[in-house]
Structures are given as C-alpha cells and as structure tokens.
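Student: My questions will all concern the structure given below.
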Amino acid sequence: MSSTVPSDDIATRKKRRTRFHYSKKSIPAIQQKQKSLARGNHPLVSLNLNLDSLAKSGAAPRAQELLQRIEALHEEGYYQVAPDVVSYNSVLNAWARSSSEPVERAVELFQKQIGQHVRPTLVTYNTLILAFSKRGQAEDAKNILDFLLEQGGDIRPDTISFNSVLYAYAVNGDGIQAESLLKEMMQRAANGNVHVKADTISFNTVLHAFRNDPQRAQDLVSHMETLYQAGNEDVEPDVYSYTSVIRAWASSKNKHAATNAKFLLDTMEELAETQDRPLVAPNTVTYSCVIKALATSRKAGSAQDSQQVLERMLERYESSGNDNVKPDVVVFSNVIDAWARDSSEHSASRALELLQQMKTSDIVEPNARTYTSVFRALAKRGECNAAELLLQELRESPRLSLSTIHYNSVLDAHAKSPYWNKADRAMDFLLKMERDSNVAPDIITYNSVLSACANTYGRGKNRALSVCVNMFKRPVVLERATPITYFLLFKALAKLLPVSDARRWNLIQQGFKLCTKSGLLSQRVLTQVLRACTAEQFARLVPTDGTTKRPVPYSKLPIEW
C-alpha cells in the first residue's frame, strides 16, 4: 500500500505549485483580527457571521457580493479592517457547495485571496478540493492534495483532505482509484502520520464508488468489520456502510443479488441485537433495497420473501415506534411489484390485499405508482374486471390522478384475460379512454388492443379480425406504429384466419407493404411473417438469392425496409 503520488515532470509540478502557492509576504489573518479587537471593534465577527449564513443558505453570489463590497469600503477607508481568511473561506465554501455554478468561480476567489495577501489555511485548501470533488473533477482535486503533500510547509493535509478527494472518485464511480487512495491513507497512518487516518467516512465513500461492483463493495465492508473487531473503532461499519453494499446488489443483475442482500440484512440485525451496535441497525432504506433485490430476482418464492421482509419491518416499527424503520410507500410498492412479477395464482389477490392494507393503515398512503404496480399484477393474471374496478376507484380519488399507464394496464389485462370476446371488450375500453379528456392513448394503448386480437380464440375470432383490421384504418396507428405493432398484426392474421382463406394472404401483403414502407421490418417481425405465410408466399414477399432461389436473410434485405 504505497503512496500513489504521480510522477509528473518538473515543469508540471512547478505550474501546480504556482497555481496553489501563497506569498511569503502575506500578513497572517490572526494579526489583523487582533488589531481590530484591540481597538474595541468587531466588524469581522459580524461580517463573517453574515458570510457564513449566506454560504449555508446556498447564496454564493450574494456572499461574493458582500465580500467585494466590504473590500471596496476598506480600500476607500470606510471600513477599518479587510476581510480575513475566515471571510474568504466562507465565500469559497459557498461556491464549492453550489454545484450549479462552475468551479472556476471558486478558483477565481482563491486566486484573488492570494492576490490580497490573505494567507490560506488547510480549511481553504480542503474547501477548494471539495469544489472540484463535487463536480467529479478528480484529477484537479488530487493535484491539490499532491501539492500539499509535496510542499512540506506547515499546512499538512488531513483526513478531510483525503476524504474529499475520495468523494471525487466516488462521484465518478471510480472504485479502483478510490480504494488505492484509501490504502495510501492507511499506510500513512501506519507510518506515523497523525494527521491522516482512515475513518468510517473514508470507507463509506469508497463503498459508494463501488456502487456498480457489489462484490468489491462487500469485500470492503467485510474488511471494515475485521478492522473494527480487531479494535479499530474509527472504521466501525454503520448502517450506511451495509446499505451501500445492499443497494449495489439490488441494482446489479447478478443472479446471487437477492441472496447476498438478504444475508447482509440478517447480519445487520444480528450485529445490532447481539453486539449492542445501534449504528448498524437497518433502517427503511436498508429494508427497501433488500425488497427491491428480492422483487427483481424473478426467483421462485421471491415475492413471498419480499412480503416477509415487509412484515419484519412492520413488526419492528409497531413494537418500537421507531420512524427509522417505518415502511414507506416505496417499500409497499416494491413488494407489490414482486407480486406483479410472481407467476402464482394468488399473486393478484396478494397485491390487492397490500393495497387495501395501505388504505386502511395510518402508516402510509398509496400513491399513483402503488396503483400502477397493482394494475401490473392484475394484468399479468388477466384480471380485467378487477382492473376496471380499480381504475374507477382511482378515477374517483380526490388525491390521485389517472395516467395513460393505468389505462394501458387495464387493456393489457383484457389482452391476457380468458374471455372469448376480449377484443371487443378491449375496443370498448379504448373508446372510453378516448372520451376521457384527462388522458391520451399512445402506441402502447393501440398495441394492447392488437394484442387482445392476436390472443383471441374460438367464437371470438371473427370479431377480433374486424377489430384488428379497423385498428389499421386509424391514421394515428399508422403514424405511431412500431415494429411491435406489425408483429401483433401478423400474429393476429395467423391466429384468426386459416391459410386457405384468401383474406389472410391479401391482408398479409397489405400489412407487409405498410411495414416496409415505414422502415419498421425487424427480425422479429420477419419471423412472424414467415410463420403466417406459406413458403411460396414468403418467397413472393422477400427478395430471393440469385443462385439458390431462396429468400435472402434479414441482414441482406433493403436497408430502407
């Protein structure tokens, strides 16, 4: 774990020193303050308090304006003392934390401070590092740290200096560089540097940098735990440490994500209860991330596991009254999402039960997203009647508003329902939707109606064919069509008409012409066309190879198709 000071050439190092060095002729700010106090005046105290207040409120331009006004009054003799290093640090802090402002504003102020012979302190440099770090400019932040390490003066970088650079790497998701700097911190401390010591904030920042690499994050939090158990209380893992790793697993597509997230939650609960470590006790965010990992795992039983985690939360909240473990609307919605992905026959009813629990509980109220999750659960099971009732309930709500997504979910439920007349029912629902001035159909809406047609069977085929054909007479459908639109058309034609019916081939030709003219022929669409046609018919639609006389593959079709 050696130092990672870059081996720049001498010219580059000199430029860096020139940018951040201060004049040896500068007057220490403490002497200015002592002279002012000796006269019985305290103008700097008032000024610095005002500047600090403006900085903390995010009013960087106003803080800069006040500083410049005082500087001008001092130069003209109307103000007894000039702004000191505390004044500059306050304004510099305002610019540093104002992410919407370019970092050059902070750099310009620092350079002006040097020009005014106001000697910077470690706070000054740390604030400048933070300005670069918050904007992800890791190289500039590291350059300042390197300058402080190399100049060997009385201003020596401390843990805050290193942590601020770590933050820059975290912003960029650069876990490798962050871990390397963390090792450097630990090595410097081992070599006797009393100013630099890795702490929980250091490790947590690196954990955030590893947000896209959950295994590295888990290895790091395990190392934290080992160090803490060995007696290093400065690096005790806290709820943020473990939750960062759980969030990384939940956001990954790793097949073991749910298992690892659940294991970490169990570990946190055990540590909090058996070792009296309240700092590691899981909170609402922790539980929410675990539920998300379970909900998206698609493994058998994951919905039930999510439900059990929610019940653990509710039990802890109701027994303790601790708001830190109070389930919120995101938690409930994620569990409902898990049931929406579940394939069991009870998934839709479980989603409805959770919604009802939210409506009758004084813990949390459902929002529009909650209803969307319930609609998805109902749609997957084809529960179109329950979906329409839920839509009516949502329509009558004074607090929530309907969206196209909600209507589309009901149409999806119709498409997956067992009813023989599902196409007619979907079309009737579309007409109702078009009469509702608060929502507008989109291409997903029209595709859902086509899906109902393509999945119709038995005595409903003739009506479904009529609905399908009429959908393509709507200009809006042709204007907004996607490859999925034509895929559903050809699927419907293959399902609703026998090969011997001349209408089938006629409609396939018309649809293929519209599709290729719009440039919407995808590999999936072409495969569905092949299924709908005979080999001879397909050869008449697609160009043939001059040698084999067989239809050319998709990759060799005209690019405009």
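The values are calculated or read from the model by the stated rules, or taken from the named source; none is laboratory data. Please read all numbers here as calculations on a predicted model, not as lab measurements. Ideal geometry is used to build each Cβ from the backbone, glycine not excepted, and the neighbour counts take in all protein chains shown. With ligands, DNA and RNA removed, areas are computed over all heavy atoms of the protein, side chains included. Shrake-Rupley method; radii C 1.70, N 1.55, O 1.52, S 1.80 Å.
Student: Give me a count of the residues in segment 222-236 that are under 16 Å from Phe263 (Cα atoms) and in contact (Cβ under 8 Å) with a residue 40 or more places away in the chain.
Tutor: 0
Student: Let me ask another. If I ask for residues that are more than 14 Å from Ser518 (Cβ to Cβ) and open to solvent by 70 Å² or more (accessible area, probe 1.4 Å), which ones from segment 471-487 would you list?
Tutor: Lys473
Student: Which of (1) of a type in the set (S, T, N, Q); (2) open to solvent by 40 Å² or more (accessible area, probe 1.4 Å); (3) part of a helix (DSSP H, G or I); (4) more than 22 Å from Asp424 (Cβ to Cβ) does Gln528 not meet, given it meets every other one?
Tutor: Exception for Gln528: condition (2).
Student: Let me ask another. For segment 488-503: of the residues being among the hydrophobic types (A, V, I, L, M, F, W, C) and outside any helix (DSSP H, G or I), which is surrounded by the most Cβ atoms within 10 Å (Cβ to Cβ)?
Tutor: Of everything passing the filter in segment 488-503, Leu497 is surrounded by the most Cβ atoms within 10 Å (Cβ to Cβ).
Student: Here's another thing I want to ask about it. Of the numbered conditions (1) open to solvent by 50 Å² or more (accessible area, probe 1.4 Å); (2) of a type in the set (A, V, I, L, M); (3) farther than 23 Å from Ser373 by Cα, Ala464 satisfies every one except a single condition; which is it?
Tutor: (1)
Student: Still on this structure: Out of the residues in segment 508-525 that are part of a helix (DSSP H, G or I) and open to solvent by 40 Å² or more (accessible area, probe 1.4 Å), state the one that is farthest from Met427 (Cα to Cα).
Tutor: Filtering segment 508-525 for residues that are part of a helix (DSSP H, G or I) and open to solvent by 40 Å² or more (accessible area, probe 1.4 Å), the one farthest from Met427 (Cα to Cα) comes out as Gln523.
Student: Which residues, taken from segment 186-209, are crowded, with 23+ Cβ neighbours inside 10 Å and not polar (S, T, N, Q)?
Tutor: Result: Ala198, Phe203, Val206, Leu207, Ala209.
Student: Continuing with the same structure: Of everything in segment 531-542, what is surrounded by fewer than 16 Cβ atoms within 10 Å (Cβ to Cβ) and either of a type in the set (D, E, K, R) or more than 22 Å from Pro498 (Cβ to Cβ) (or both)? Give them in sequence order.
Tutor: Within segment 531-542, Arg531, Glu536, Arg540 qualify.
Student: Further, regarding this structure: Among the residues that make up segment 77-85, is at least one of them of a type outside the set (S, T, N, Q), touching a Leu at 6+ places or on another chain (Cβ under 9 Å), open to solvent by less than 30 Å² (accessible area, probe 1.4 Å) and assigned to a helix (DSSP H, G or I)?
Tutor: Checked segment 77-85: no residue is of a type outside the set (S, T, N, Q), touching a Leu at 6+ places or on another chain (Cβ under 9 Å), open to solvent by less than 30 Å² (accessible area, probe 1.4 Å) and assigned to a helix (DSSP H, G or I).
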